[in-house]
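J.: Supplied in structure tokens, the structure appears directly below.
Throughout, read-outs are computed from the coordinates displayed, never taken from laboratory work. Bear in mind the structure is a predicted one, so any value in this text is a computation, not a measurement. Here the Cβ is made from the backbone with ideal geometry for all residues, glycine too, and neighbour counts use every protein chain on show.
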Amino acid sequence: MGFRDSKVVVVGTGNVGATTAFSIVNQGLCEELVLIDMNREKALGEALDLQDSVHFMNRNIKVSVGSYEDCGDADIIVITAAAPMDPNATDRLSMLAPSKKVMKSIVGPVMKSGFNGILVVISNPVDIMTYYAWKLSGLPKNQVIGSGTTLDTARLCGILGRLYDLDSKSVNAYVMGEHGDSEIVSWHSATIGGKNVADVMSDNEERTKNETFEKLRQQTIRAGWEIFSRKHNTCYGIAASVTAILKSILFNENRILPVSVYLDGQYGLHDLFLSVPTIIDKTGAKEIVEIRLDPGELKALRHSGEVITAYYDALKD
């Protein structure tokens, strides 16, 4: 794959879709980028605007507005379209019923085009929508990936980085499970500069102050709502995190990212999509990295899985 022969389609040109498209163009990830939206004029406006920006980028990317017929030869389709989020919503699961209709209206025409690439789902509630997209598509499990807790993990690393005045990339910790209130942190394996996070916290009491594992987890969960409550969407962080997933696919990076993938026995979980560290390459979800969780973390991860699967019945027609 790689830049010279790759085509990406972004379905949905709202705040998240348009920002994701700009991030793709800005990083020069593909040769051709196609935008699809129910509001074709909106998609066309975004495509024209993006095409203007290409002059200042490192690579000459063709950006156009398209239809589902253009999906047949795509390498990756990014589904960002979802029902508008209720400003009064308290969790992402409240979006399930309206988002289900949107997902069904997209995946059917996509598959009818002959698409056999990798489907990347951003639409919330992302773990359930990824499972639903997989069921509707009939694609192999490795070819359907949800953005999952990739952004949550970045937020956690940012919180810890600011706490100890460090670059967040020096923090190695994963948020796992649901992209939502039941998500967990793999504290048992988390490190900062190779040092266990628990040791860093206890050895730096002055900077750690009253922070605890649970307080840090809650901050991570609330981070998105802190943004949403003020601007009624989040777009830059999710666009950047999805672009990292796409880059690992298109450039065969074999990067490990906590994405929503199909679990079939890993961590004692079966037949569901949930975020766990996964090796991402040109085939999609190449391999799940089953890290060692302590008993409490494993119990919490399985509970997160139960929260998600409780909604699966609602997906049946």
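J.: Treat every Asp and Glu Cβ in the range 3-146 as -1 and every Lys and Arg Cβ as +1, leave all other atoms uncharged, and give the resulting dipole magnitude about the Cα centre to the nearest 20 debye.
T.: Details: 13 positive and 15 negative charges, 92 e Å.
With Lys and Arg at +1 and Asp and Glu at -1, about 440 debye.
J.: With θ set to phi - 60°, apply the Karplus curve 6.51 cos²θ - 1.76 cosθ + 1.60 along the range 243-257 and write out the HN-Hα couplings as whole Hz, x wherever there is a Gly or Pro.
T.: 4, 5, 5, 4, 4, 5, 6, 5, 10, 6, 6, 6, 7, 8, 9
J.: Ignoring everything except DSSP H segments at least 4 long, calculate the 222 nm mean residue ellipticity for the chain; use -39,500 (n - 2.57) per segment, divide by total residues, nearest 500.
T.: -13000 deg cm²/dmol
J.: Looking at the P(r) of the range 3-146, how many percent of alpha-carbon pairs lie beyond 22 Å?
T.: Numbers: 3708 of 10296 pairs.
Considering the range 3-146, 36 percent of its Cα-Cα pairs are separated by more than 22 Å.
J.: For the chain, what's the relative contact order in percent, using C-alpha pairs closer than 8 Å and at least 6 residues apart? Could you put the intermediate results ahead of the total?
T.: Values: 624 pairs, mean separation 56.8, N = 317.
Dividing the mean separation by the residue count of the chain yields 18 percent.
J.: What length, rounded to one decimal in nm, is gained on full extension from LYS141 through to ASP52, with 0.36 nm per residue of separation minus their alpha-carbon distance?
T.: Details: separation 89, 0.36 × 89 = 32.04 nm, distance 3.71 nm.
Gain in length upon complete extension: 28.3 nm.
J.: Exceeding 22 Å between C-alpha atoms, which entries from my cross-link table qualify? They are LYS135/LYS231; LYS42/LYS141; LYS42/LYS62. Intermediate results must be reported in sequence, preceding the final value.
T.: On the way: LYS135/LYS231 33 Å; LYS42/LYS141 32 Å; LYS42/LYS62 18 Å.
Pairs exceeding the cut-off: LYS135/LYS231; LYS42/LYS141.
J.: Among ILE245, TYR174, LEU163, whose Cα sits farthest toward the positive end of the charge dipole of the range 121-249 (+1 at Cβ of Lys/Arg, -1 at Cβ of Asp/Glu, about the Cα centre)?
T.: ILE245
J.: Mind putting a number on the dipole of the range 150-315 about its Cα centre? Charges go on the C-beta only, +1 for Lys and Arg and -1 for Asp and Glu, and I need it in Debye to the nearest 20. Spell out each step's value before the answer.
T.: On the way: 18 positive and 23 negative charges, 111 e Å.
Once rounded to the nearest 20, the dipole reads 540 debye.
J.: In debye to the nearest 20, how big a dipole does the chain give about its Cα centre with +1 on each Lys and Arg Cβ and -1 on each Asp and Glu Cβ? Kindly include the intermediate steps, with their values, before the conclusion.
T.: Details: 32 positive and 39 negative charges, 55 e Å.
With Lys and Arg at +1 and Asp and Glu at -1, about 260 debye.
J.: Read phi for every residue in the range 265-280 and hand back ³J(HN,Hα) as whole Hz from Karplus 6.51 cos²θ - 1.76 cosθ + 1.60, θ = phi - 60°, with x for Gly and Pro.
T.: With the stated coefficients, the range 265-280 comes to x, 4, 6, x, 10, 9, 6, 7, 9, 8, 7, 9, x, 9, 7, 10 Hz.
J.: Only loop residues by DSSP count here, and only those with at most 12 other Cβ atoms within 10 Å; note down the chymotrypsin sites (Phe, Trp or Tyr not before Pro) in the range 148-195 that meet that.
T.: Working: sites: TYR164, TYR174, TRP187; in loops: TYR164, TYR174.
Of the chymotrypsin sites (Phe, Trp or Tyr not before Pro), not one in the loops of the range 148-195 has a Cβ with at most 12 other Cβ atoms within 10 Å.
J.: Among ARG40, ARG292, which comes first, second and so on when ranked by fewest other beta-carbon atoms within 10 Å? Write out the running numbers ahead of the final one.
T.: Values: ARG40 14, ARG292 9.
Fewest-to-most ranking of ARG40, ARG292: ARG292, ARG40.
J.: For the range 105-172, calculate the relative contact order in percent as a whole number, restricting contacts to Cα pairs under 8 Å that are 6 or more residues apart. Intermediate results must be reported in sequence, preceding the final value.
T.: Numbers: 58 pairs, mean separation 17.7, N = 68.
It rounds to 26 percent for the range 105-172.
J.: Would you order PHE22, PHE56, PHE115, PHE213 from fewest to most other beta-carbon atoms within 10 Å of each residue's own beta-carbon?
T.: Values: PHE22 20, PHE56 8, PHE115 24, PHE213 13.
Sorted ascending by nearby Cβ count, the order is PHE56, PHE213, PHE22, PHE115.
J.: Report, for the chain, the % of DSSP beta bridges that are antiparallel, rounded to 5.
T.: Numbers: 22 of 42 bridges.
Of those bridges, close to 50 percent are antiparallel.
J.: If neighbour count is taken as other Cβ atoms inside 10 Å, put GLU226, GLU297 in order from fewest to most. Don't jump to the answer; show the numbers that get you there.
T.: On the way: GLU226 11, GLU297 20.
With the fewest neighbours first, GLU226, GLU297 line up as GLU226, GLU297.
J.: Would you kindly calculate the mean projected area, averaged across all directions, of the convex hull enclosing the Cα atoms of the range 150-315, in square nanometres?
T.: 10.6
J.: Over what distance in Å are the Cα centres of the range 212-229 and the range 100-146 separated?
T.: Taking the Cα centre of the range 100-146 as reference, the centre of the range 212-229 is 28 Å away.
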